[in-house]
Amino acid sequence: MSEGARILVVEDDRSLSAMLEELFVDEGYRVTTARDGQQALHLALTEGFDVVVLDRGLPILEGLDVLSRWRRSGVGVPVLVLSALGNPADRVEGLDRGAEDYLTKPFDIDELLARVRALLRRHETTAATLALPGGSHFRPSLRQVIRPSGGSVTLSERESALLEVLARDRNQVFERSTLLRLAFPVAEELGVVDTYVHYLRRKLGRDVIDTVRGIGYRLGGS
């Protein structure tokens, strides 16, 4: 079910980072790596991941500071903290700052993989229905928007792809070029994004997507 999931590995130890990347790739995941807090902060704010494996002792920004900034910015991706800091107070701090799980180094590989699978299952369950402005809900697997009144609107494949990108990161402002890459990977013209924003507004109301002048679009009401 989780094969092909995107994992962000944030670890400044190059040998451990390479080992984790190889481990997750062998499990069928798509892996991106970051070796400092600033890079990790940027990646999760601008790209979509299914799970983050996050070290604490990072250059530039400490891991839990990065995590706090993600949460304040509305990034809800599940985070597993992987750290040598393993006393109860450290684990409590990590969970209180927004982590879903906390595993100490040295760790058992099978346990790490099991915990990642558990986070992916939880993420898939909670992401099955996405909230939209005005109390509507979006079911990407069915390409359906459920109105508060109980009625539904069926979207085309491209309309659904665009709405899903926006709704999964509802506080994120996306440049048109980013939306083109994420929602329409085989398209080449930026105008495709504007066209499908128009289609979604026509079907769901103008408030469903906000235009951020000079930048791009975000989900309405964010």
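The values are calculated or read from the model by the stated rules, or taken from the named source; none is laboratory data. Worth saying up front: this structure is predicted, and the values here are computed from it rather than measured. Side chains included, ligands, DNA and RNA excluded: accessible areas come from the protein's heavy atoms. Shrake-Rupley method; radii C 1.70, N 1.55, O 1.52, S 1.80 Å.
At a glance:
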{"quantity": "Solvent-accessible area per residue, Å², over the stretch 1-46 with all protein chains present [probe radius 1.4 Å]", "calculated": "50 Å²"}
{"quantity": "Relative contact order of the chain, pairs being alpha-carbon contacts under 8 Å that are 6 or more residues apart, as %", "calculated": "13 percent"}
{"quantity": "Cα gyration tensor, the stretch 32-81 - rounded (a/c under 1.5), prolate or oblate", "calculated": "rounded"}
{"quantity": "Percent accessible area from carbon and sulfur atoms, the chain, protein chains only, probe 1.4 Å", "calculated": "47 percent"}
{"quantity": "Distance from the stretch 172-195 to the stretch 95-148 (C-alpha centre basis), Å", "calculated": "25 Å"}
{"quantity": "GNM top mover of 209, 146, 60 - the chain, alpha-carbon springs below 10 Å", "calculated": "60"}
{"quantity": "Heavy-atom surface of the stretch 88-222, accessible at 1.4 Å and reported per residue (Å²)", "calculated": "55 Å²"}
{"quantity": "Choice from 200, 190, 20 showing the highest fluctuation, given a GNM over the chain with Cα pairs closer than 10 Å", "calculated": "190"}
